[in-house]
1. GNM on the chain, C-alpha springs below 10 Å: top fluctuator among 27, 47, 211?
2. If a/c stays under 1.5 just call it rounded; otherwise compare a/b with b/c (prolate if a/b is bigger, oblate if not). Do that for segment 108-226, with a ≥ b ≥ c from the square roots of the Cα gyration tensor eigenvalues.
3. Can you send over the carbon and sulfur percentage of the accessible area for segment 27-338, probe radius 1.4 Å, protein chains only?
4. For segment 54-87 and segment 202-268, what is the separation of their Cα centres, given in Å?
5. Once you sort the root eigenvalues of the Cα gyration tensor of segment 50-107 as a ≥ b ≥ c, which label holds: rounded (a/c under 1.5), prolate (a/b larger than b/c) or oblate (the other case)?
6. What number, rounded to the nearest 500 deg cm²/dmol, is the helix-based mean residue ellipticity at 222 nm of the chain, given -39500 (n - 2.57) per DSSP H run of at least four residues and division by all its residues?
7. In nm, what is the difference between 0.36 nm times the number of residues separating residue 323 and residue 294 and their Cα-Cα distance?
8. Residue separation times 0.36 nm, minus the C-alpha to C-alpha distance between residue 189 and residue 24: what's the value?
Amino acid sequence: MTVQELPGAAAYRPTPPPAWKPLTDPAPLLPDAEPYRVLGTDAAADADPALLLRLYTELVRGRRYNAQATALTKQGRLAVYPSSTGQEACEIAAALVLEEQDWLFPSYRDTLAAVARGLDPVEALTLLRGDRHTGYDPREHRIAPLCTPLATQLPHAVGLAHAARLKGDDVVALAMVGDGGTSEGDFHEALNFAAVWRAPVVFFVQNNGFAISVPLAKQTAAPSLAHKAIGYGMPGRLVDGNDAAAVHQVLGEAVSRARRGEGPTLVEAVTYRMEAHTNADDATRYRVDSEVEAWRAHDPIRLMERELTGRGLLDEGGIVAAKEAADVMAAGLRERMNADPVLDPMSLFTHVYAEQTEQLREQAARLRVELDAEHDQHDDDPEERR
């Protein structure tokens, strides 16, 4: 029974107002029943060989980046590292579908997407080594600061995209979030505003199965996270998150749709987090090894390698070359991350206010006196001079 069919409703309001009527036909917005795939299907024949080879090279590089960052964490060079191992197809595709003028809004796990967009790996990891700064200029790279609070980057992406549309700028924002972030209020607010304003933004959910230790089934009873798009009046797309070609195609279509002024899209990529949530997590407490091994057989690099070798586009020499190039990148990252950064304690006061308050000036002067005294003490100590 609808509101209009309730007893007495007709007498109370003979004609339902337009706001009661559905604004959008829900049928075209529904995602496919199964995740969309390209690799290993007939659709692979239409995929651009040059694009597939580039995706493969970036996947190999991304896997090596993840391994090196994890090792740096174990060596104490990073405070924490949320690995995206197993999710590289999502990270790489998200970066490659954007134009130079577009914006990427990453979460804390998406440093690889930032690197794939062209950011220096050291700058991408600066925040995770404990520096209070982002490590890079967001405006220069069109990459928003890495976001640790869940889903708070989503409303920011909508605001930027809406402002760009109002100004007539050709800008699309792609906002990345994990399945856990879809349980946050910011997710709802962002999607609702984006749909109402028809903002040129793409919401990209990497469903890796767990919000730390909480499985998806304990977060939502929806058929899929992509189905949540229907309630906001935007299309929902479901894609195999380990199929780099499929993710690139689906995200590319969503970005093009946004650029044409047709509004936002919610894309859910079904993938798997092969490693623990972070180095501080023990994943064996909430999942079994057999589950991890089952997903290892669906590894994004293995899928792409199988497609390329099967079509004669990649041989053993190409595989070795990709790995060697990735090793060179990792060696450079390791060397630079092992160098201690030069820090200036006085910079603590630089960006608190546009104009320093009297209290800040007093605190800065006090710290300067303490630093000068410490410096003089070291100069007077013969052991320190050796």
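1. 27
2. oblate
3. Values: 6640 of 12990 Å².
Answer for segment 27-338: carbon and sulfur cover 51 percent of the accessible area.
4. Computed from Cα coordinates, the inter-centre distance equals 24 Å.
5. Values: a/c = 2.91, a/b = 1.59, b/c = 1.83.
Taking the square roots of the gyration eigenvalues as a ≥ b ≥ c, segment 50-107 is oblate.
6. Details: 14 runs with 166 residues, N = 386.
So the helix-based figure for the chain works out to -13500 deg cm²/dmol.
7. Numbers: separation 29, 0.36 × 29 = 10.44 nm, distance 2.42 nm.
Full extension of this stretch gives 8.0 nm more.
8. Values: separation 165, 0.36 × 165 = 59.40 nm, distance 1.88 nm.
That pair, residue 189 and residue 24, stretches by 57.5 nm at full extension.
The values are calculated or read from the model by the stated rules, or taken from the named source; none is laboratory data. What you see is a predicted model, and the numbers here were worked out from it, not measured in a lab. No Cβ is skipped: glycine too gets one built from the backbone with ideal geometry, and neighbour counts run over all protein chains shown. Only protein heavy atoms, including side chains, enter the accessible area calculation; ligands, DNA and RNA are left aside. Shrake-Rupley method; radii C 1.70, N 1.55, O 1.52, S 1.80 Å.
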